Amino acid sequence: MTDLLDTLPQFPTQKYVRLLPSLEKNLVTVADLLTLDCVEIAKRATLPLLDVKRLCADVLEHLRGDLGIGEVDPGDKDAVAGENNVDGKGEVKKLRKSGKDVVDEWEVISTLDDDMDRALGGGIPTGYITEVTGESGAGKTQFLLTLLLSAQLPAPHGLAAPTLYISTESSLPITRLTQLLRTHPLLASHPSPPSLDRVISISTPDLESQDHILRFQVPVAIKRHGIRLLILDSVAANYRAEFERPGVTKGGGNMAQRSAELVKLGQLLRNLAREHGVAIVVANQVADRFTGGSGRASPMAYGQKRERERDMQSSPLAKRSLGANGALLILSSSMNAPMSSIPGSSIDNRIGWRDYSIITPDPMSLDHQQRWFTGWGDDPHPSYTSSKNVKTPSLGLIWTTQIACRIALIKKPVYGRARNEIMEEGERGEPILKRWRRWMKIVFAGWAMESGEGLNGSVEFEIRGEGMFAVKHGKGVDDDGEDVL
């Protein structure tokens, strides 16, 4: 069995020396021992049935012991009360933690804003990997700096512990941290204010040093200083420098190596979070997503209509993209004009907006599914600018499976008309950028409800000199009376 010792390193293999070679030859895994019938395994590996049953039972027992799960007799009052229930072998037969223990140990780090904390289910929890992703200028660094300081506060805002900041690009912005300490309403007036002396900063310029620091130096620093928050800013920088630099082969082998490195990093960070009770927050970059099947600015090519119709009709999962009469909801040839010249209202009247936005030859493809776990592209009614500004977090699906929560920070421009005194009456000036609007969107999390489609349920926030704060205004209209983009 190729994965027995990987799954259970302490498993006593001496008792089953005669069985293991045959099981390994027939590619029987630990999962097969737990899920398949013993008779089927015995036939497949040509082994005695009783020996296979004994092995399956022993593997299951050791797995339960490794996870701290045992069978407790309901009549045993001591076991029910939480006292040790030891069998003849000296093994404890009880759960490591009761449900009450898990609830009591739930600890979070506040963002220092009630609305943002409410969206996060209380804050950033310990024991998990949380990703903060967004394009440049969306507020990732401001979000992380706020956590660096709030984690030093006592409960309920923080953990009253030092913090660790690992940088892969620029150094720790000390000037901004000092400004937050001096001007933030809560930090400046708190009886136990945080301090820069309790922020430990490490720089990792390449992937090799990053792996060495995380594997050997970080566990020592956590134990020595009592660190409860680890921030990695950013997780994608060193991987881009290592695997996307000029001269590196961009083949399948290179991608496979990068995927394996990402899995190792995810496992390492999860072990740190779980074993030491540390909240791990990583910043991630984004890249532009080029698609041709979603949003009003990207209609499908009409020459591929027949081929896509055939694919859609052959897939039961794709029937939701068909109209009432079984026809694909595709723009007619009479609408073969630039989308920018067609009023949005006329498009909405001619086709079903939601149905048009999900047209795809394969509903189970990554291009179609990623809109619901990346944070961009799930808006059923995107504006022209939104459909042209779809992003994808870096490092792909492999990294997405390693994290427990993804927070997307989304920014959109607000334009105004230029005013010029020499313009003719009725003439309109060129649009100019007035400011940026920003939202915090919970893409997925195991402890909080994800935000809705598009920006529904997202928390709009603004960045000021004093810190990050949720915007307080009426639904659908901002402080200046401008419509939501």
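The values are calculated or read from the model by the stated rules, or taken from the named source; none is laboratory data. Just so we're clear, the structure is a prediction, and the values are computed from it rather than from any experiment. Virtual Cβ from ideal backbone geometry, glycine too; neighbours counted across all protein chains shown.
List pairs: first in segment 111-123 and assigned by TED's automatic domain parsing to the domain that holds residue 150, second among the acidic types (Asp, Glu) and modelled with pLDDT of 95 or more, Cβ under 8 Å, 6+ apart or cross-chain?
Going by the 8 Å Cβ cut-off, the qualifying pairs are 111/117; 123/117.
Could you pull out the residue among 182, 176 that is touching a Leu at 6+ places or on another chain (Cβ under 7 Å), free of Cβ contacts under 8 Å to residues at least 40 places away in the same chain, in the same structural domain as residue 143 (by TED's automatic domain parsing) and not in a loop (DSSP other than H, G, I, E, B)? Step through it out loud before you land on a result.
Working: 182 fails: touching a Leu at 6+ places or on another chain (Cβ under 7 Å).
None of the other options fit; the residue is 176.
Select from segment 209-244 the residues that are outside any helix (DSSP H, G or I) and within 15 Å of residue 131 (Cβ to Cβ) and list them in ascending order. Before you say what the answer is, go through the steps one by one.
Let us first name the residues in segment 209-244 that are outside any helix (DSSP H, G or I), namely 226-236, 244.
Passing the criteria: 229, 230, 231, 232, 233, 234, 235, 236.
Filter segment 191-205 down to residues that are part of a loop (DSSP other than H, G, I, E, B) and buried (at least 18 other Cβ atoms within 10 Å of the Cβ) and give me whichever is farthest from the chain's Cα centre (by Cα).
First pass over segment 191-205, keeping only residues part of a loop (DSSP other than H, G, I, E, B): 191-195, 204-205.
Narrowing the set further to residues that are buried (at least 18 other Cβ atoms within 10 Å of the Cβ) leaves 194, 204.
On the way: 194: 28, 204: 22 Å.
Step by step, filter segment 191-205, then rank; the result is 194.
Which count do you get for residues in segment 185-239 that are over 25 Å from residue 468 (Cα atoms) and either without any contact (Cβ under 8 Å) to a residue 24 or more places away in the chain or not assigned by TED's automatic domain parsing to the domain that holds residue 255 (or both)?
Of the residues in segment 185-239, 7 are over 25 Å from residue 468 (Cα atoms) and either without any contact (Cβ under 8 Å) to a residue 24 or more places away in the chain or not assigned by TED's automatic domain parsing to the domain that holds residue 255 (or both).
Report, by residue number, each residue of segment 133-169 that is over 21 Å from the mean Cα position of the chain (by Cα) and under 26 Å from residue 413 (Cα atoms).
None - no residue of segment 133-169 is over 21 Å from the mean Cα position of the chain (by Cα) and under 26 Å from residue 413 (Cα atoms), so the list stays empty.
Take the conditions small (Gly, Ala, Ser), within 17 Å of residue 273 (Cα to Cα) and surrounded by fewer than 22 Cβ atoms within 10 Å (Cβ to Cβ) and apply them to residue 188. Does it pass? Show your work before the answer.
Numbers: small (Gly, Ala, Ser): yes; within 17 Å of residue 273 (Cα to Cα): no; surrounded by fewer than 22 Cβ atoms within 10 Å (Cβ to Cβ): yes.
In short, no.
When you look at residue 142, is it modelled with pLDDT of 95 or more and surrounded by fewer than 22 Cβ atoms within 10 Å (Cβ to Cβ), yes or no? Before the answer, list the steps.
Working: modelled with pLDDT of 95 or more: yes; surrounded by fewer than 22 Cβ atoms within 10 Å (Cβ to Cβ): yes.
So residue 142 passes the test.
Just checking, how many residues over segment 443-468 are at positive phi and assigned to a strand (DSSP E or B)?
1
Filter segment 156-165 for residues that are part of a loop (DSSP other than H, G, I, E, B) and in contact with a strand residue (DSSP E or B) (Cβ under 9 Å, 6 or more places away or on another chain) and give the result. Walk me through it before giving the result.
Applying the first criterion (part of a loop (DSSP other than H, G, I, E, B)) to segment 156-165 yields 156-162.
Correct list: 156, 157, 158, 159, 161, 162.
If you scan segment 13-26, which residues turn out to be more than 13 Å from residue 46 (Cβ to Cβ) and either in contact with a Gly (Cβ under 6 Å, 6 or more places away or on another chain) or in contact (Cβ under 8 Å) with a residue 24 or more places away in the chain (or both)?
If the condition is that a residue be more than 13 Å from residue 46 (Cβ to Cβ) and either in contact with a Gly (Cβ under 6 Å, 6 or more places away or on another chain) or in contact (Cβ under 8 Å) with a residue 24 or more places away in the chain (or both), then 15, 16 are the ones that fit.
Do we have any residue at all in segment 390-397 that's closer than 30 Å to residue 272 by Cα, among the hydrophobic types (A, V, I, L, M, F, W, C) and either part of a loop (DSSP other than H, G, I, E, B) or modelled with pLDDT under 90 (or both)?
Yes: segment 390-397 contains one or more residues that are closer than 30 Å to residue 272 by Cα, among the hydrophobic types (A, V, I, L, M, F, W, C) and either part of a loop (DSSP other than H, G, I, E, B) or modelled with pLDDT under 90 (or both).
Looking at segment 32-47, which of the residues that are assigned to a helix (DSSP H, G or I) and touching a residue at least 24 places away in the same chain (Cβ under 8 Å) is surrounded by the fewest Cβ atoms within 10 Å (Cβ to Cβ)?
Taking segment 32-47 and keeping what is assigned to a helix (DSSP H, G or I), we get 32-35, 38-45.
Next, only the ones that are touching a residue at least 24 places away in the same chain (Cβ under 8 Å) stay: 33-34, 45.
Values: 33: 21, 34: 11, 45: 19.
Per the stated criteria, the residue is 34.
Looking at 23, 50, which one is more than 37 Å from the chain's Cα centre (by Cα), exposed (fewer than 11 other Cβ atoms within 10 Å of the Cβ), in the same structural domain as residue 67 (by TED's automatic domain parsing) and at pLDDT 90 or above? Before you say what the answer is, go through the steps one by one.
Working: 23 fails: exposed (fewer than 11 other Cβ atoms within 10 Å of the Cβ).
Answer to the selection: 50.
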